[in-house]
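The values are calculated or read from the model by the stated rules, or taken from the named source; none is laboratory data. Predicted, not measured: the structure shown is a model, and the values here were computed from it. Neighbour counts are summed over all protein chains in view; Cβ atoms, including those assigned to glycine, are modelled from backbone coordinates with ideal geometry.
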Amino acid sequence: MMVMCYHFFPGNIICNFGWTGVDLFFVLSGFLITSRLLPYLDDKNILLKFYRNRFLRIVPLYFGFLIVFLGGWFLLSSKETLNSFTFYEKHWWQFFLFIQNWVFANNIAEIKTHLQHLWSVAVEEQIYLFFPLLFVFIRNKTKIFYAVLSLIILIVISRWYYYNFVIPKGEFLRIFNNTFFRLDSFLSGVLVFFIHDKDIKFTKLKAILHWLGLISFFVLLAYIFVKKDAEKNNAFISCGGFTIIAIMYAGLVQVILLKKNRAINFITSSRLLKYTGKISYGLYIFHSPLFLLGFILLNKIFGYLCFFPGSNIIHLINVLVCFPTTYFIAHLSFKYYESYFLNRKIRLT
């Protein structure tokens, strides 16, 4: 929902922070994926089960969407549209290999595409492919914890060096789309699992994570208030801000897990929010292309009616139409398409 608001209301300082919804997802993903791996390391087939389940959750909807979108693009677009936008013709195959984030990072001048939001799906898949190997290779829970902590520190130092001494100034997206530089959010979620698992000795760190989360929140709030900027394209976010955001969301996840905050308990018990979570993958996949399609259709309709409202009116109408439309399509996708594959996932016991 944060990401949808970010794309639907560009320029609004409150909604501009919505891009961090992806970072929150990375934190949640790190927590949940660890819960699917760490307790089952004695299972010889754990990697096979894990990869099968991730495949069934991610690939059917993702590939189905790509086939429909790219097929429609090449078949239905006019010659003028195809000639003016050759990005898909050059790079369509990278999307099917889940490496489009590197395409975006290395082709900054070309990345204004309808599929730019899929960078995070590529990052997730790359993490899912390699991260489980760390668990299986090390196996010892204490060593895994310290390895994750060391990785976070290494990422912060590397990102700072890369921004200041490697990339041209202003090319923030080279960091934003880089899997290694965005891994700290996922790893923060991993640490949350370690801290909250009763069988692991790190539960004493709950208070530290709580205070770190609060401090991170106020640091970000102060930065946004002073700079009047909640966007990602700046030195603060590119160097250390991603990690501060990750720690803030890790603290939030901990508060939710403890179930001691009545306000948060009330919010997370919302049926709408729970169902939004259930269909969130579809919401994420569909929202951006539908929003762009909405502008095209509205302009054609108003042109046919010889009625030309201002751009702000068209934008507002598009938002009001796209929010429920995205929910409806994501609902249909989950109920009649994704569920077929989800029911074939292996249940870990």
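Results, tabulated for the structure shown:
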| quantity | calculated |
| --- | --- |
| Scan of region 294-318 for residues that are crowded, with 16+ Cβ neighbours inside 10 Å and within 26 Å of the chain's Cα centre (by Cα), ordered by number | GLY294, HIS315, ASN318 |
| Long-range neighbours under 8 Å by Cβ, at least six apart or interchain, first residue within 17 Å of ALA105 (Cα to Cα) and among the polar types (S, T, N, Q) within region 150-162, second modelled with pLDDT of 95 or more and not in a helix (DSSP H, G or I) | none |
| Checking PRO168 against (1) in a helix (DSSP H, G or I); (2) closer than 27 Å to PHE104 by Cβ, the condition it does not meet | (1) |
| Enumeration of residues in region 163-219 that are surrounded by fewer than 17 Cβ atoms within 10 Å (Cβ to Cβ), under 19 Å from LEU32 (Cβ atoms) and among the aliphatic types (A, V, I, L, M) | ILE200 |
| Region 270-310, residues that are among the β-branched types (Val, Ile, Thr) and part of a loop (DSSP other than H, G, I, E, B) | ILE279 |
| Qualifying residue in region 247-264 (condition: of a type in the set (Phe, Trp, Tyr), at pLDDT 90 or above, surrounded by fewer than 17 Cβ atoms within 10 Å (Cβ to Cβ) and under 28 Å from PHE180 (Cα atoms)) | no |
| Region 68-88, subset more than 18 Å from LEU290 (Cβ to Cβ) and of a type in the set (Gly, Ala, Ser), residue modelled with the lowest pLDDT | SER84 |
| Top-ranked residue in region 265-293 [being farther than 21 Å from PHE323 by Cα and either under 18 Å from the mean Cα position of the chain (by Cα) or of a type in the set (S, T, N, Q) (or both); ranked as surrounded by the most Cβ atoms within 10 Å (Cβ to Cβ)] | ASN265 |
| Looking only at region 225-235, and only at residues there that are surrounded by fewer than 16 Cβ atoms within 10 Å (Cβ to Cβ) and of a type in the set (A, V, I, L, M, F, W, C), the one that is nearest to ASN140 (Cα to Cα) | ALA235 |
